[in-house]
Structures are given as structure tokens and as C-alpha cells.
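Have a look at the structure below, then the notes.
Here, each number is a calculation from the coordinates, and none is a lab measurement. Everything numeric in this text was worked out from a predicted model, so none of it was measured. We place every Cβ from the backbone using ideal geometry, glycine too, and count neighbours over all the protein chains shown.
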Amino acid sequence: MIFEKIHTIPTSEELLDKAFRKASRARKGKTIRSEYSRRRAEESMLLTAANILSDNLANVVRQFPSFDNIPEFYRELADILVGVDALRTNIASVQWAGEKIHEVARLHVGKMRHSDDSVAVRKAAYGRISSIVNDVDKNLRLLNEARNKLRKLPAVGMEPTIVIAGYPNVGKSSFVALVSSASPEVASYPFTTKGLAVGHFKVGSTRCQIVDTPGLLDRPLGQRNEIEMQAISALRHLGDVLLFIVDPSGTCGYEPDKQMRLLDEVREHIEMPMLVAANKVDLLVADNKVEPLVAANKVGMLDKIPGNGFDAVMSTLTGEGVDDVMGRLVSMMDMGKYDGTIDK
Ligand SMILES: Nc1nc2c(ncn2[C@@H]2O[C@H](COP(=O)(O)OP(=O)(O)OP(=O)(O)O)[C@@H](O)[C@H]2O)c(=O)[nH]1
Ligand SMILES: [Mg+2]
């Protein structure tokens, strides 16, 4: 994954400590017999510190990929999570600091030649350099925060892909955990899943992926939070087919009507083959003591869904209907026969 390689970004204090410590060590080895040798020692101390600092700052800059050349999906996620423009500004400040340090060091080496107190000149240079580095401390910290968020993004491949969507708490992660190598957190509260997770399964010898997304609420794009936006981004860029899960029992905490409105909205904006599955039918069966399909009908939702209503009915608790849903998704991708193989 493109953001995985970014190392922890040091603070200005860490950078300065390291550079000045190394420079002092280099200085200690030198014997001072004359003013000339003192000046040479001070000069090399200053240049050592400046080189270490500018190398380290350049290294921070180099680690971030060029956001113009990365896949659209990752660029959009980076924008959602940290803001690509803000990231660029921070990177530019750090780059500027590295260049400025070189300039200050060169200037003071020149000054030393015309001064009879090379130690004082070196100290003045250290002061200027410290303040340049301290000035970008906030940028370095922001970049480190960005780095921590970006590196958590899953590696997404080019394999055939199923993306899951639905309201919070309807059983999306439960489904992914059943059919793939991923083991996302499952819990009885909304927005358990806060980012994207990718699991794998196999059809014949072909590796496929399934993307678990955070829950979406039925609300305008502008009101969506960072967590929801990740799901939208996955829907827009990743999937070959979309599994939309509905919880007609309402135990997810959201009325079926609201879930249906979200389904309409997704249909409107996402152009992808879609399968709509009603989950948690075990609850409906338990309540109404009827067969699952009849139970789904009883909720009176089939006629609210454009087209033919639910395409499938399942329970990710009992496992009932899950293979059927996967079988259909796989055939929608023209992949051959689904046999339930999980790819580790
Ligand atoms: N009775 C019943 N409960 C289920 C079923 N599937 C999931 N649950 C429960 O519903 C709750 C939510 O499940 P998750 O898989 O975490 O739901 P999610 O859609 O990933 O939720 P978010 O990540 O918060 O959007 C958990 O308490 C599950 O145990 C089901 O088929 N039947
Ligand atoms: Mg989840």
C-alpha cells in the first residue's frame, strides 16, 4: 500500500537534538592548535548539523507520494482523511525549511572567515537554524498525524471486488467475517466500523476481494462525516458489484423506511450491479414463526423497493441464505461457481 512506507515523522525537538548531538560528537574528535583549526572545527560542526537537518527534512518530504500520480481511490481517501491541499502545504513548508537551513549554514560559514570569534558565529547560526526547525514543528506534527491515518488504509488490489453498503448496525461486518479472510469488529452499536477493511475469498483459482465499509445514514453528502465518506469513496471507485444489506427487523436502530431511502439514493448515484439482501431474518422468523421469505414479505417492504424488492434473504447469525447471496454476487461478476472458499 502506497502510504504504508511512511515512517514516523520526528518532531522539531527530536530533529534538533539528533543533529546537534552528532555535530558535537564530530567536533570532539578534533584537536585545536590554532585559531585556524578552531574555525575549521566550528565550520564542520555547523555544516554537519545543517546537513543532518536538511537531509532529515528532505526525507520527510520524499516519503509522501506525489498525490497527482496515485490511484483516484487513494487520493480521494487521503483527501477525506487529511485533506490533500493541507498535506501539500505542510510538505512545502518542511521542504522550504530544509533549503533555508542550507542557506543559513553557508552564510555563517562565510561570516566565520571574517570573524575572530568563530564559536559565537556558529552559535548564532545554531540559533537561526533552531528557529527555522521549530517553525515547522506544527507542520511536522500534522504530517505525522496524517501519516498515522493514511497507513491504516487497507491494501486494495485489482481483483474482482464486492463492496458492501447499508445503514449502520445491519450486519455488514458480520457478513464479511463469514465469507472472507477479514475479521472486522462486530458490535451491537452503530458505526462500529470506522474505516474500510478488505477480506479475500476464492472462486476456483481466482482471488477476489470483499470490502467492508462503515455504515451510511440517509442524509445529504455535505452532512456526511469522515467515516461515512470512506464508504462512499469505496462505492465510487472499487466495486464490481454492490451488496446492499437491509435490516428489516429494525433492531439496528433505524426504521426500514430510512434504510430504503438510502437504497434509493445509492441506486441513483452509484452505477454498479447491485444485490439487495434482507438480513437478520432469524429475528423475523422467531417473532412471526414463519418461513424467512414470508417473514420478509410481512414487513411490507418488498413493494417499497423499486424493481423486484429484496433479491435475497439471509441471517448472518445463523448463516442461512449467506451462501446463496454470495453465489449470486459471484455470478453477477461472471466469475463461475462460488464454493465458499475463504482465501487467507
Ligand atoms: N439476530 C441477528 N443479529 C445480527 C445478525 N447479523 C448481525 N447481527 C448483530 O447486529 C449487530 C451489528 O452487526 P455488525 O456486523 O457489526 O453490523 P455493521 O453493519 O457492520 O455495523 P457498523 O459497522 O456499525 O455499520 C451485532 O450485534 C450483530 O451480532 C443476524 O443475522 N441476526
Ligand atoms: Mg461494521
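Below is a table of values for the structure above.
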quantity	calculated
Neighbour-count ranking [beta-carbon atoms within 10 angstrom, fewest first] of Ser24, Ser233	Ser24, Ser233
Once exposed loop GluC sites (Glu not before Pro) are cut out (DSSP; at most 15 other Cβ, 10 Å), longest piece of the chain	5-184
Under 13 Å from Lys18, Cα to Cα: aspartates and glutamates that are on another chain or at least 8 residues apart	Asp55
Positive dipole terminus of segment 164-247, leading residue within Ile245, Gly199, Leu178 (C-beta point charges)	Gly199
Charge dipole magnitude, Cβ of K and R +1, D and E -1 - segment 183-255, Cα centre, debye nearest 20	280
Sorted by Cβ density within 10 Å, fewest first, the residues Ile80, Ile129	Ile80, Ile129
Contact order relative to length of the chain, as percent, for alpha carbon pairs under 8 angstrom and 6 or more apart	16
Cα centre as origin, Lys/Arg/Asp/Glu Cβ charges: the chain dipole, Debye	2800
Separation in nanometres of the label points that stand 7 Å from Cα toward Cβ, at Phe67 and Arg219	2.5
Antiparallel DSSP beta bridges within the chain, as percent of all bridges there, nearest 5	40
Helix-only mean residue ellipticity at 222 nm for the chain, each DSSP H run of n ≥ 4 adding -39500 (n - 2.57), per residue, nearest 500	-17000 deg cm²/dmol
Unsatisfied cross-links (Cα-Cα over 23 Å) in the set Lys100/Lys138; Lys30/Lys111; Lys5/Lys172; Lys30/Lys123	Lys5/Lys172
Cα gyration tensor shape of segment 161-342, rounded if a/c is under 1.5, else prolate or oblate by comparing a/b with b/c	rounded
